[in-house]
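Take a look at the structure below.
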Amino acid sequence: MVGYSIRRFLGSIPVIIMVSMLAFLGQQLVPGDPILAIIGEGEFAELATGGSEALDARRKELGLDRPAILQYVSYVERLMQGDFGRSFVSREPVLDMIRVRLPISMKLNVITFMINIGMGLSLGTIAALRPGYTDFFATVWAVLGVATPNFWAAILLILVFSVKLGWLPTSGWVDPFSDPVEGFKHLILPIFALSLFGSATIMRQTRSSLLEVLREDYIQTARAKGLIERRVVIRHALKNAMLPVMTIIGLSLAGLIGGSVLIERVFAIPGVGRMAIDAANRRDFPVLQAIVLLGTFAIVGANLVTDIAYAWLDPRIKYS
């Protein structure tokens, strides 16, 4: 298992390199002069009146005067030293900016991910074991969750629960560990909007897999031996049905990372997702490249954990 994990990690290095190249290439393909977006129209006009030397000096300061291949080589050299560069706009170290924003995004995503797993597995299990109205309402919930874009759900939730009813704040962030009451109020709407798709997809896969496993002969044999239904479901059926569900859980984590970008923007949460949108609007390429790499590391790590979990769920799977 350890050897397999090491090989998988080494195999993900080309993926990370390719993503870094694509992120850097996107910087070169963006139309327009990045200096205009970075320093603003007013300062751009002021520097332009001073002659091209002033603009060239600013490009040299930001490292944009060199050929693209040399810029990429310098970028990789800095990454090897753990340096993500400095922001074009604020001139702060990108790593320091991420350190401030990352805990906020992690709290939001980890709580949402746990809710996705809890709701998806419980609703899927209930729907498979209790056909009828329970199964019908759970299936309707799953279909609505899959079909509803999270940003549209976020706007609708704000209009209903914040604007019309005034029960919850419209935006902002309060650390739930420092102020649990206010933090919980600020978390309800973002987490609900963000967990719609993930919990619905897990629920549908759990229901489908569990229904298939419950029809197997060994389940009927376990019941014939007199085992209580709860033990049959948890010990035999649910564990064997979890293999395809684990794949969906791993994929839902990637969707959660992407979806949190829009949710943080809608609810004005000062996390990494909102910082990514601000960096894209300002063409703050070092910040944007660092966030893309950070998301790549998270997705690669999630896939690795998912593959390792397969062996625990199904002992027949051997990694050599």
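The values are calculated or read from the model by the stated rules, or taken from the named source; none is laboratory data. Everything quoted here is computed from the prediction, not taken from an experiment. Every residue, glycine as well, gets a Cβ built from its backbone with ideal geometry; the counts of neighbours run over all protein chains shown.
Some values worked out for this structure:
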{"item": "Condition broken by residue 249, with the remaining ones in (1) closer than 27 Å to residue 78 by Cβ; (2) hydrophobic (A, V, I, L, M, F, W, C); (3) within 17 Å of the chain's Cα centre (by Cα) satisfied", "result": "(1)"}
{"item": "Total residues in segment 225-245, condition buried (at least 20 other Cβ atoms within 10 Å of the Cβ), in contact with a helix residue (DSSP H, G or I) (Cβ under 6 Å, 6 or more places away or on another chain) and not small (Gly, Ala, Ser)", "result": "2"}
{"item": "Members of segment 139-183 that are surrounded by 11 or more Cβ atoms within 10 Å (Cβ to Cβ) and either modelled with pLDDT under 80 or of a type in the set (D, E, K, R) (or both)", "result": "175, 179, 182"}
{"item": "Single match in 222, 193 (criterion: without any contact (Cβ under 8 Å) to a residue 40 or more places away in the chain and surrounded by 15 or more Cβ atoms within 10 Å (Cβ to Cβ))", "result": "222"}
{"item": "The one condition in (1) in contact (Cβ under 8 Å) with a residue 24 or more places away in the chain; (2) of a type in the set (Gly, Ala, Ser); (3) within 22 Å of residue 95 (Cα to Cα) that residue 276 fails to fulfil", "result": "(1)"}
{"item": "Sole residue being within 17 Å of the chain's Cα centre (by Cα) and of a type outside the set (Val, Ile, Thr), chosen from 210, 227, 288, 214", "result": "288"}
{"item": "Among the residues listed as 233, 266, 305, the single one being in contact with a Pro (Cβ under 9 Å, 6 or more places away or on another chain) and of a type in the set (Val, Ile, Thr)", "result": "266"}
{"item": "Residue within segment 269-284 that is within 28 Å of the chain's Cα centre (by Cα), β-branched (Val, Ile, Thr) and either buried (at least 21 other Cβ atoms within 10 Å of the Cβ) or at pLDDT below 80 (or both) present", "result": "yes"}
{"item": "Residue in segment 84-93 that is touching a residue at least 24 places away in the same chain (Cβ under 8 Å) and over 23 Å from residue 265 (Cβ atoms) present", "result": "yes"}
{"item": "Selected residue (criterion: surrounded by the fewest Cβ atoms within 10 Å (Cβ to Cβ)) from residues of segment 84-120 that are of a type in the set (Lys, Arg) and more than 21 Å from the chain's Cα centre (by Cα)", "result": "91"}
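Residue by residue, here is whether (1) in contact with a Cys (Cβ under 9 Å, 6 or more places away or on another chain); (2) over 18 Å from residue 195 (Cα atoms); (3) not assigned by TED's automatic domain parsing to the domain that holds residue 247 holds:
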position: 95; (1), (2), (3): no, yes, yes
position: 107; (1), (2), (3): no, no, no
position: 115; (1), (2), (3): no, no, no
position: 119; (1), (2), (3): no, no, no
position: 122; (1), (2), (3): no, no, no
position: 135; (1), (2), (3): no, yes, no
